[in-house]
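Report on the following structure.
The values are calculated or read from the model by the stated rules, or taken from the named source; none is laboratory data. These numbers were taken from a predicted model, which means no experiment stands behind them. Note that each Cβ is placed from the backbone with ideal geometry, even for glycine, and that neighbours are counted across all protein chains shown.
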Amino acid sequence: MDVSHLVYGASKDGHYTGTVTQSVIVAVSVPAIWQEISNIAGLAGWVSDVKKTVFLSKTKKGLGASRKIFFADGSQVVEYIVGWQEEKYLSYIATSGLPLEGYHATISIAAKGKKSSITWTSFLISRGSDRKEFEEFLSFMDSFYRDSLKNLKEKLEKQHASI
């Protein structure tokens, strides 16, 4: 797995910006991966510490779909799908529940020979934290993405091993 997170710097008003990116290679086809990640309320099956996810919109797939994620620690995050290309990527923004001013993430998939690559990347804007706190949050998100993608890889490869 590739590991990276980066703080770009601070704005004049003291907000830090940064990115987090994790990737994993999976021995499963792009359509099989897309079937899993496009189920935006199915996160409890692979995203670390998610207890459940519910739809907040009538739209279940594609632009404008929204979800509320309930985590094991009691926190809740609301997200909206803002980018969607079948079997390529989905992008979303979080509008509440994170200690951030802004959060935009994309999960993308690409064929790599007989395998596929899944990349989860995000752009984050801090809310009233100092650089050390923001770097700690980016490190947390790095681990969160890495662990979640590992779970996804294991789930998909187990499901599709006999196919």
**Fill in**
Matching residues in the stretch 96-135 (touching an Asp or Glu at 6+ places or on another chain (Cβ under 7 Å) and hydroxyl-bearing (Ser, Thr, Tyr)) number 1
**Item:** Hits in the stretch 91-116 - residues which are over 15 Å from the mean Cα position of the chain (by Cα), farther than 28 Å from Ala10 by Cβ and touching a residue at least 12 places away in the same chain (Cβ under 8 Å)
**Value:** Ala110, Ala111, Lys112, Lys114, Lys115, Ser116
**Message:** Looking at the stretch 46-78 only, could you name the residues that are of a type in the set (Val, Ile, Thr) and part of a loop (DSSP other than H, G, I, E, B)?
**Reply:** Val47, Thr59
**Request:** Answer with yes or no whether Gly62 is surrounded by 13 or more Cβ atoms within 10 Å (Cβ to Cβ), at pLDDT 95 or above, under 15 Å from the mean Cα position of the chain (by Cα) and closer than 23 Å to Ala32 by Cα.
**Result:** no
**Residue check for Ser117: over 14 Å from Val20 (Cβ atoms), polar (S, T, N, Q) and touching a strand residue (DSSP E or B) at 6+ places or on another chain (Cβ under 6 Å)** = yes
**Prompt:** Across the stretch 106-138, which residue is modelled with the highest pLDDT among those that are more than 26 Å from Val28 (Cα to Cα) and among the small types (Gly, Ala, Ser)?
**Reply:** Ser126
**Prompt:** Out of all the residues in the stretch 95-105, is one or more over 22 Å from Gly18 (Cα atoms) and either in contact with a Ser or Thr (Cβ under 6 Å, 6 or more places away or on another chain) or at pLDDT 95 or above (or both)?
**Reply:** no
**Message:** Out of the residues in the stretch 65-78 meeting the condition of being surrounded by fewer than 15 Cβ atoms within 10 Å (Cβ to Cβ) and polar (S, T, N, Q), tell me which one is farthest from Ala41 (Cα to Cα).
**Reply:** Ser75
**Fill in**
Residue pairs qualifying under the 7 Å Cβ cut-off, at least six apart or on distinct chains, with the first in the stretch 38-49 being surrounded by fewer than 16 Cβ atoms within 10 Å (Cβ to Cβ) and the second being assigned to a loop (DSSP other than H, G, I, E, B), are Asp49/Ala72; Asp49/Asp73
**Request:** Those residues that are closer than 19 Å to Lys88 by Cα, over 13 Å from the mean Cα position of the chain (by Cα) and part of a loop (DSSP other than H, G, I, E, B), I need them from the stretch 1-38; list them, please.
**Result:** Ala27, Val28, Ser29
